[in-house]
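Trainee: One structure, pasted below without further comment.
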Amino acid sequence: MHILKEGTLFILIFLAALEDLRTYKVNNNLIALGFLLGLFFNISSMGAYGVVLWFLGGITPIILLFLLYLFRMIGASDLKVFSIVGCFYGISFVIQSIIISFIIGAVISFLVLIQNRNIYSRFFYLFSYLVDSIKNQKICPYYISSIDGTKNVIPFIVAIMGGVIYTFAF
């Protein structure tokens, strides 16, 4: 059952990563399937207590990453995929996956900045954004697709997949 659970999660994240690469979004049907399968695996291995662990694992990424979502620094799909990871494997596993995913995402982002030759302008943009947000005491989106385009966007679910694989391995 353990290999089936790991394989199911990997397939879900792989499909989500493919969609993220193609459209920068993930279909909510895939997300719903992930939540349901996570619930199924938890109930089948832990009974009614599995529902509690499923819920706690799923809500943890929302609590931890909500501000990043609110500032549009991560997308809704990223948050939902982290929640699916938590639904499958719980709080500790999802926190470890989040940390590793952000490290992988930082490396990918840095490589994109090098490729686009705009390291300084993006750091200036970030600094200006932070100063303006503090000065105006207002939450504004960091990224607006209609203005910023997709040149500097990374498909973060690829980093999430790497983070989950690393967490499984170590």
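Trainee: Report yes if Asp132 is without any contact (Cβ under 8 Å) to a residue 12 or more places away in the chain, charged (D, E, K, R) and either buried (at least 18 other Cβ atoms within 10 Å of the Cβ) or touching a Cys at 6+ places or on another chain (Cβ under 9 Å) (or both), otherwise no.
Mentor: Considered against the rule, which asks whether it is without any contact (Cβ under 8 Å) to a residue 12 or more places away in the chain, charged (D, E, K, R) and either buried (at least 18 other Cβ atoms within 10 Å of the Cβ) or touching a Cys at 6+ places or on another chain (Cβ under 9 Å) (or both), Asp132 comes out as yes.
Trainee: Looking only at helices (runs of 4 or more DSSP H) that fall completely inside region 78-170, which ones have 1 or more residues that are within 24 Å of Ile59 (Cα to Cα)?
Mentor: Fully inside region 78-170 and qualifying: 156-169.
Trainee: Could you say which residue among Ile62, Ile43 is without any contact (Cβ under 8 Å) to a residue 24 or more places away in the chain, over 16 Å from Val164 (Cβ atoms), within 13 Å of the chain's Cα centre (by Cα) and assigned to a helix (DSSP H, G or I)?
Mentor: Only one candidate qualifies: Ile62.
Trainee: Taking Leu68, is it without any contact (Cβ under 8 Å) to a residue 24 or more places away in the chain, crowded, with 16+ Cβ neighbours inside 10 Å and part of a helix (DSSP H, G or I)?
Mentor: Judged against the criteria, Leu68 is not a match.
Trainee: Residue by residue through region 20-40, note down the ones that are of a type in the set (Val, Ile, Thr) and outside any helix (DSSP H, G or I).
Mentor: Val26
Trainee: Going through region 141-170 one residue at a time, which ones are more than 21 Å from Asn116 (Cβ to Cβ) and without any contact (Cβ under 8 Å) to a residue 24 or more places away in the chain?
Mentor: Ala169, Phe170, listed by residue number.
Trainee: If I filter region 77-126 down to residues being modelled with pLDDT of 95 or more and among the polar types (S, T, N, Q), which single residue comes out as surrounded by the fewest Cβ atoms within 10 Å (Cβ to Cβ)?
Mentor: The extreme case among them is Ser92.
Trainee: Sticking with this one: When you scan region 75-84, do you find a residue that is small (Gly, Ala, Ser) and under 17 Å from Ile165 (Cα atoms), even just one?
Mentor: yes
The values are calculated or read from the model by the stated rules, or taken from the named source; none is laboratory data. Note that the structure is a prediction, hence the values are computed from the model and not measured. Using ideal geometry, Cβ is built from the backbone for each residue, glycine included, and neighbour counts are taken over all protein chains shown.
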